[in-house]
1. Which whole number of Å³ per residue matches the convex hull of the alpha-carbon atoms in the range 18-57?
2. What spacing in nm lies between the two simple spin-label points modelled at Lys145 and Glu89, each 7 Å away from Cα in the Cβ direction?
3. Can you give the FRET efficiency for Phe161 and Leu40, using 1/(1 + (r/R0)^6), R0 = 22 Å, r = Cβ-Cβ distance, to the nearest 0.05?
4. Using Cα centres only, tell me the gap between the range 66-122 and the range 41-57 in whole Å.
5. Pull up all non-local amide H partners of Phe134: gap of 5 or more, or a different chain, and H-to-H distance under 5 Å with H placed in the peptide plane.
6. Over the C-alpha atoms of the range 1-116, what are the Rg and the largest Cα-to-Cα span, Dmax, in Å?
7. Hey, can you find the accessible area per residue of the chain for me, probe 1.4 Å, expressed in square angstrom?
8. Tell me the label-point distance for the pair Ile138, Phe58, using the 7 Å Cα-to-Cβ offset, in nm and rounded to one decimal.
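The values are calculated or read from the model by the stated rules, or taken from the named source; none is laboratory data. Nothing here was measured: the structure is a model prediction, and the numbers come from that model. Reconstructed Cβ throughout: ideal geometry from the backbone, glycine too, with neighbour counts over all protein chains shown. The accessibility values were calculated without ligands, DNA or RNA, using every heavy atom of the protein model including side chains. Shrake-Rupley method; radii C 1.70, N 1.55, O 1.52, S 1.80 Å.
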Amino acid sequence: MTAEGHLLFSVATLVLAQKLEITPALAHGDWFHMIPAVLLGSLLPDLDHPGSILGRLFRIISLPLSKLCGHRGFTHSLLAFCGLAILWETQVSPRWDISGDIFHALLLGYLSHLIADMLTPAGVPFLWPLKMRFALPILGKKNNKKGERFISVLILVGALFLPPHLTLTLPLQVNDWLQMYHNKRTNF
């Protein structure tokens, strides 16, 4: 998927997540916080590709990461996603007072990237270091910009036509953890 496709897909998933009230932070978050965070999150997995937007900006990270894991390797896995969440909680959150909606939007953008790449024939190695790839190849060929735009618009239109206050309940433990995090962040 192209960078444009990832950016569009991430904004569409943010609108859907906000409409479904997936987390309290996303349901009541500030759009001026969430849009940049979801956009950044949607580009982060491609840091393993030196030709990507972030790969060109952070070559000192991108080149070794590319040599070590290759494109669509570690950074396209659930392990990297969880690592980002843990890194944020243990290193970023204690040092800087950053709003919870930024954190949730960043993670949503990262996850949207993985899901979007799963729609290509190459798929993603969710269970890295296992070589197994997960794919639902709706976007048949490389750089199918029309298909990428169509899927993003479809998600966006679907989100806009959802009835108000329709919520998606996450598993109880995840929802409780997110609620505790949200409460911790709003008490400051």
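1. Working: hull volume 2.9 nm³, N = 40.
In the range 18-57, the Cα hull volume divided by residue count equals 72 Å³.
2. Once both label points are built, they end up 4.0 nm from each other.
3. The pair Phe161/Leu40 has a calculated efficiency of 0.20.
4. Using only Cα atoms, the two centres lie 12 Å from each other.
5. Val124, Phe126
6. Cα radius of gyration and Dmax of the range 1-116 are 13.9, 41 Å respectively.
7. 56
8. 2.8
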